[in-house]
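The values are calculated or read from the model by the stated rules, or taken from the named source; none is laboratory data. Given the structure is predicted, the values throughout are model-derived calculations rather than measurements. Positions of Cβ are backbone-derived with ideal geometry, glycine not excepted, and every protein chain shown enters the neighbour counts. Heavy atoms of the whole protein, side chains included, go into the accessibility calculation; ligands, DNA and RNA do not. Shrake-Rupley method; radii C 1.70, N 1.55, O 1.52, S 1.80 Å.
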Number of protein chains: 2
Amino acid sequence: MFEYHLIAVDPETGARAGEFVTPHGVIPTPVFMPVGTQATVKSMSPDELRTIDAKIILSNTYHLFLRPGPDLIAKAGGLHGFMNWDRPILTDSGGFQVFSLAKINKIMDDGVEFRSHLDGTKYMMTPELATEVQEKLGSDIAMCFDQCVELPCTRQQAEDAVERTLRWAARCKAAHTRDDQAQFGIVQGGLFDDLRASCADALAEMDFPGYAIGGLSVGESHAEMYRCMEALMPHMPAEKPRYLMGVGHPANLIEGIARGIDMFDCVLPTRIGRNGTALTSKGRIIVRDAKYAHDFTPIDPECGCLACRKHTKAYIRHLLKAGEMYGLRLVTIHNLYYLTHLMEDIRKAIAADRFPEFREEFYEKLGGNRC
Amino acid sequence: MFEYHLIAVDPETGARAGEFVTPHGVIPTPVFMPVGTQATVKSMSPDELRTIDAKIILSNTYHLFLRPGPDLIAKAGGLHGFMNWDRPILTDSGGFQVFSLAKINKIMDDGVEFRSHLDGTKYMMTPELATEVQEKLGSDIAMCFDQCVELPCTRQQAEDAVERTLRWAARCKAAHTRDDQAQFGIVQGGLFDDLRASCADALAEMDFPGYAIGGLSVGESHAEMYRCMEALMPHMPAEKPRYLMGVGHPANLIEGIARGIDMFDCVLPTRIGRNGTALTSKGRIIVRDAKYAHDFTPIDPECGCLACRKHTKAYIRHLLKAGEMYGLRLVTIHNLYYLTHLMEDIRKAIAADRFPEFREEFYEKLGGNRC
């Protein structure tokens, strides 16, 4: 269980094709994980997630801890039973949300005291509780409870967060009891390369079955993010899956993979989908735009998703303008299909030893726009 | 085309099983038509409508006239092409909406001047325009443009509305050119039995392929509605389909069928579904209710819909409480499935000569609550 098999590596960039074995199936990597914050990927059914070929989804400990509560979900047979999804699930630890969502929070050595964004109730989240909650949720992959600092931050702030993240990672590991759940460590360190490196080295010492990079894609430039990843990568164990948290721009996915990343998650495809923006191989399309009012072609003629097989831009635009749910369902389906199939195409390109060519073609179609 | 075949009649009540032939297929009757006001049944895909076995859907001339406009829909191949639905469609004429939605309206002999509820633009809807718009929409069944009076109303108001409705029906018939579209007349007359009767007689003279009862289920008691229908029914041609507009309460459907009605439409199942209220054979269930928080059984264990086959009340309640779209999608699917299959069961009962028994059993399960 929880073996990572490397299948192919691009000799030029280090991009990897692999697979990660979990109790609910094998995850081919690189993989994009749709975000199902509240035990549902917004607007999507589990059947639709299977249809767009989602290999794994992500759900949120912070949200599910507050509502409906981990005990209820445990009674339902864990998240898999509760939402009737039989493929792998990764849960984040709530570390990011207690800082970003729960505006009133107080960091202590033991954990984080915060007030619920729903009703103001005061809670204390600790590494042990985050681990226990995720065990009740029964995800295939659980994340360590970490401290994510906002960027920009001082060196001292980043150093403190790394130290706390490492202490908490050790406590998460000690609290973890389920053999059928993999626990990943999270690398912090802001944009300080040496802090990132020492954090990764220390986590590698603890021997987790996988490692994530947290605290990126939080406002820094793409150039800074890429530089930070490049400096960090030699410290991320090659025999374990590497997960870049919160990244979903197509170009960022390609560049992450080119730097050795295997797993990604982001609300981007679902969030911009609900606003009527579609991701395509030629760039973004604002389907609400008036120029599509009489456009009776699909969002992307080359796409095989439900929206592109069955409906026109004119119809989807009408639904979006009229505030009809089916419109945002369709763009959400399209965006997730686009990203899961982009990952599949990249995986094939790596296996066929043509990732650099694929990357060039990707940017050519986009018209050279790297972001 | 547009033949109505009577298959069975319950000798005790007059309840009918039949079928109505249209260019997009045969509609078995009695039938409930889900409402797709803006060229979409709220939250549902056309595939899902097929899965719940919707035989025909309804769409709204008033809304589609304003947005996206009949010419755009005509260019898309009519409503069927625009929304990618290949089963029959009925369009109402906009008669009801220009009075109920467009608050500022002025009735003239030629038609109704009204301001759009979307942006205040002034329009003039006439019998000829309502007919032309519906021909552009390409529905299988179009409705005559009628005047629906609010209840309670004076005899003079009802009389004026009947006269105008009859004059407009003649103009609609004269303006109608499409052989592949059936045009139904609408009976008005408030709660005045003699006005209803004379309106129906006059429409029967004009020889429409079907007849609707408008202006009921607008605030009167169920007893008044039933009495009005009973008095009217001898004047509704038996060799044509009879459509009771805007009725969707399960008990009202049974009672309408018991009085000889073949077709119904209503926003009720989709509207209450979005609020988390489910229709079942044992009555309504408020799925949001706290008592279902730990209920890991389906909404209705006997139901074969997606929601009942795949999900528990506890999960659906969580989705509804969390404001997640998939929750209201599931209750909508369940409610429409319940009504389409209730119609199917009633049809079988009529054909098997056991409609009165079915009706009794229906109320027994409900616990005797006729409404």
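Can you give me the % of accessible surface on the stretch A:275-371 that is carbon or sulfur? Probe 1.4 Å, all protein chains present, nothing else counted. It would help to have the intermediate numbers written out before the result.
Working: 1950 of 4060 Å².
About 48 percent, which is the carbon plus sulfur part of the accessible surface.
What residue among B:Gln38, B:Gln181, B:Gln157 shows peak mean-square fluctuation when chain B is described by a Gaussian network model with Cα springs under 10 Å?
B:Gln157
Which whole number gives the average count of other chain Cβ atoms within 10 Å of the Cβ atoms across peptide A:34-45?
Counting other chains' Cβ atoms within 10 Å and averaging over A:34-45 gives 4.
Hey, which of these cross-link pairs are over 29 Å Cα-Cα: B:Lys310/B:Lys365; A:Lys321/B:Lys310; B:Lys321/B:Lys348; A:Lys42/A:Lys136; A:Lys282/A:Lys321; A:Lys310/B:Lys310?
A:Lys321/B:Lys310; B:Lys321/B:Lys348
What is the distance in Å between the Cα centroid of the stretch A:206-222 and that of the stretch B:100-137?
Here the answer is 59 Å between Cα centres.
Any chance you could list the semi-axes, whole Å, largest first, of the equivalent ellipsoid that the Cα gyration tensor gives for the stretch B:147-302, using √(5λ)? Please report the intermediate quantities before stating the final value.
Values: eigenvalues 248, 62, 40 Å².
Those come to 35, 18, 14 Å.
Calculate, for A:Asp207 and B:Ser281, the FRET efficiency according to 1/(1 + (r/R0)^6) with r their C-beta to C-beta distance and R0 60 Å; round to the nearest 0.05.
Details: r = 57 Å, r/R0 = 0.95.
FRET efficiency, A:Asp207 to B:Ser281: 0.60.
Starting from the Cα of A:Asp345, move 7 Å in the Cα-to-Cβ direction to define the label point; list residues of the stretch A:298-318 whose amide nitrogen is under 19 Å from there.
A:298-310
Using a 10 angstrom cutoff on alpha carbons, build the Gaussian network for chain B and name the most mobile of B:Met108, B:Met33, B:Met229.
B:Met108
Report the Cα centroid-to-centroid distance between the stretch B:165-186 and the stretch A:4-37 in angstrom, as an integer.
63
Among B:328-337, B:16-25, what's the highest-first ranking by average C-beta atoms within 10 angstrom per residue? Please report the intermediate quantities before stating the final value.
Working: B:328-337: 26.5, B:16-25: 19.9.
Result, highest mean first: B:328-337, B:16-25.
If the reach is capped at under 19 angstrom between alpha carbons, list the aspartates and glutamates near A:Lys122, excluding any in the same chain fewer than eight residues apart.
A:Asp71, A:Asp109, A:Asp110, A:Glu113, A:Glu132
Which whole-number percent gives the relative contact order of chain B, counting Cα pairs below 8 Å spaced six or more residues apart?
On the way: 733 pairs, mean separation 64.0, N = 371.
Relative contact order comes out at 17 percent.
Can you list the distances in nanometres, one decimal and ascending, from the A:Leu6 label point to the identical position in each other copy, with the point 7 Å along Cα to Cβ?
8.1
Rounding to the nearest 10 and keeping the result within 0 to 90°, find how far the Cα-based axis of helix B:222-232 lies from the longest principal axis of chain B.
50
I'd like to know which of B:Thr165, B:Pro209, B:Gly246 lies farthest towards the positive end of the charge dipole of chain B, counting +1 on Cβ of Lys and Arg and -1 on Cβ of Asp and Glu.
Looking along the dipole axis, the top candidate is B:Gly246.
Any number yet on Rg/Rh for the stretch B:127-177, C-alpha, Kirkwood?
Radius of gyration over Kirkwood radius for the stretch B:127-177 works out to 1.08.
Along the Cα→Cβ direction, 7 angstrom out, place labels at B:Ile7 and A:His294. What is the inter-label distance in nm?
In this crude spin-label approximation the distance works out to 4.4 nm.
Given the options B:Gly215, B:Gly323, B:Gly185, which has the most mean-square fluctuation in a GNM of chain B, springs set between C-alpha atoms less than 10 angstrom apart?
Answer for the Gaussian network model of chain B: B:Gly323.
Provide the net charge surrounding A:Ala238, with neighbours chosen by a C-beta distance below 12 Å and charges set as Lys +1, Arg +1, Asp -1, Glu -1.
Net of charged neighbours comes to +1.
Output needed: percent of Cα pairs per 5 Å distance bin for the stretch A:240-371, bins running from 0 to the one holding the longest distance.
2, 11, 20, 22, 18, 13, 8, 4, 1, 0
Which order do you get for B:Asp47, B:Asp10, B:Asp295, A:Asp109 if you rank them by accessible area with a 1.4 Å probe, largest at the top?
Solvent-accessible surface, decreasing: A:Asp109, B:Asp47, B:Asp295, B:Asp10.
What value, in deg cm²/dmol to 500, does the helix sum -39500 (n - 2.57) over DSSP H runs of n ≥ 4 give at 222 nm once divided by the residues of chain B?
-12500 deg cm²/dmol
Taking Cα pairs under 8 Å and at least six residues apart, what relative contact order does the stretch B:119-177 come out at, in percent?
Across the stretch B:119-177, relative contact order equals 44 percent.
For A:308-315, what's the mean count of beta carbons from other chains sitting within 10 Å of each residue's beta carbon?
4
Going 7 Å from Cα along the Cα-Cβ axis for the label, what nanometre distances separate A:Asn105 from the same residue across the other copies?
5.3
Pairs of Cα atoms under 8 Å, at least six residues apart: use those to get the relative contact order of the stretch B:46-110, whole percent.
Working: 44 pairs, mean separation 26.9, N = 65.
Relative contact order, the stretch B:46-110: 41 percent.
Let me know the mean shielding of A:321-329 by other chains, meaning the per-residue number of their Cβ atoms within 10 Å of its Cβ.
6
Using only protein heavy atoms and a 1.4 angstrom probe, determine the accessible area buried between A and B, summed over both sides, in Å² to the nearest 100.
Answer for the A-B pair: about 3300 Å² buried.
What is the magnitude of the charge dipole of chain B about its Cα centre, with +1 placed on the Cβ of each Lys and Arg, -1 on the Cβ of each Asp and Glu, and no other charges, expressed in debye to the nearest 20?
Numbers: 41 positive and 49 negative charges, 329 e Å.
That gives a dipole near 1580 debye.
Among A:His311, A:Thr280, A:Ile350, which residue has its Cα positioned farthest towards the positive end of the charge dipole of the stretch A:224-371, with +1 placed on the Cβ of Lys and Arg, -1 on the Cβ of Asp and Glu, and the dipole taken about the Cα centre?
Comparing the listed Cα positions along the dipole, A:His311 ranks first.
With a 1.4 Å probe and all protein chains left in place, how much accessible area per residue does the stretch B:290-371 have, in Å²?
Result: 41 Å² of accessible area for each residue.
Search the structure for amide H atoms under 5 Å from the amide H of B:Gly210, placed 1.01 Å from N in the peptide plane, and list their residues when 5 or more places away or on another chain.
Answer set, sorted by chain and number: B:Gly185.
Applying 1/(1 + (r/R0)^6) with R0 = 30 Å to the Cβ-Cβ distance of A:Asp180 and A:Lys122, what FRET efficiency is obtained, to the nearest 0.05?
Details: r = 33 Å, r/R0 = 1.09.
After rounding, the FRET efficiency stands at 0.35.
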